[in-house]
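Read the figures in this text as sums done on the coordinates, not as results from a lab. As the structure is a prediction and not an experimental result, all values here were calculated from the model. Don't worry about glycine lacking a Cβ; one is built from the backbone with ideal geometry, like all the others, and counts go over all protein chains shown.
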Amino acid sequence: MATEEKPKFDVKAATKILEEVVKKVLKDATYRSDLVQEWQSAIYQEAIARLTTHLKGNTFKFIVTSTFLESIGAGIHISSTSLWDAESDGAAVHRFENKSMIVIVYAFGLSV
Amino acid sequence: MERGHSIGSTASSSDDSTSLDRGSVTSGIPSSFASAHHQHQSSNDSNSSPSTPGGGTLGRNSTSSDRDSHRDSISLRPTFMQKFRPAVATKFMQQILQTHLQHKVYNADEAQRMSKLIAEEVKAKLIELDLGRYKYVVNVVLGENLGEGARMDARCYWDQESDGSAQAFFTNDTLWCAAVAFAVFYY
């Protein structure tokens, strides 16, 4: 077994990155179904770029998921479960809410 | 012991996504993790076949690249039989959603429990597939159906040849549910 140090997915840093990215992309926008795709692409682009530079991108694979919902009082629940190496892998979430929409962004980092 | 990873630019190619009308789950796999895996020649004897697959000692050594489909050698890619096949997963995910949510009405208390249950069940089924070298992440979103606009998407930075994802969506009069499973190969 290789005894090299295993890099651990830094959840705090990732959460911060997600927060910054969402704030930057959405600012104070109102929900518009035609813009959602654009926002999502922008979030992914930015998030993955930042994650790969900050979190030792060459030892992690990333999955970034986002869910955009129009805020009309509907309830929602999100669950996530995984089978991974608890020492090195991790997940970060960020929830963004404003008057018109709810945005939940997940970032999963799995070590190679 | 370098593995010669060269991460190509993450140019986003097209996602092959099935976007449903509302609450679309588009699990795109655009960014390809362009890693050039240099398989090193094992210096001593090239006949040494390290332990069998199934997760044993997954060291960072690779055997000679000449005979890369030898069953007992450690390969840096899954063979066809060991590969995650999204179609299989999609099928049982759809079934799981159907059985659990068919006649249900959205209930805030139940919903939390239900989404967790569905996620756990999907994960259990994935483990049953017995693909030894895969890590899984399952995400389930359960929402109340009030006609709101919703969109769920994902983008991954991984190795397109070995990793994959599967998704399923269910909706009825009072609720909608989207489940997505990601399978990431562990080298």
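Observations, loosely collected:
- In a simple Cβ point-charge model (Lys, Arg +1; Asp, Glu -1; nothing else charged), region A:11-111 has a dipole of about 240 debye relative to its Cα centre.
- Semi-axes of the equivalent ellipsoid for chain A, Cα gyration tensor, largest first, Å: 29, 15, 10
- Only helices enter the 222 nm calculation for chain A: every DSSP H run of n ≥ 4 contributes -39,500 (n - 2.57), and dividing by all residues gives -10500 deg cm²/dmol, rounded to 500.
- Virtual spin-label span in nm between A:Arg32 and A:His54, 7 Å along Cα→Cβ: 2.8 nm
- C-alpha long axis of helix A:11-26 to longest principal axis of chain A, angle in °: 30 degrees
- Fraction of alpha-carbon pairs over 17 Å apart in region B:94-136 - percent: 39 percent
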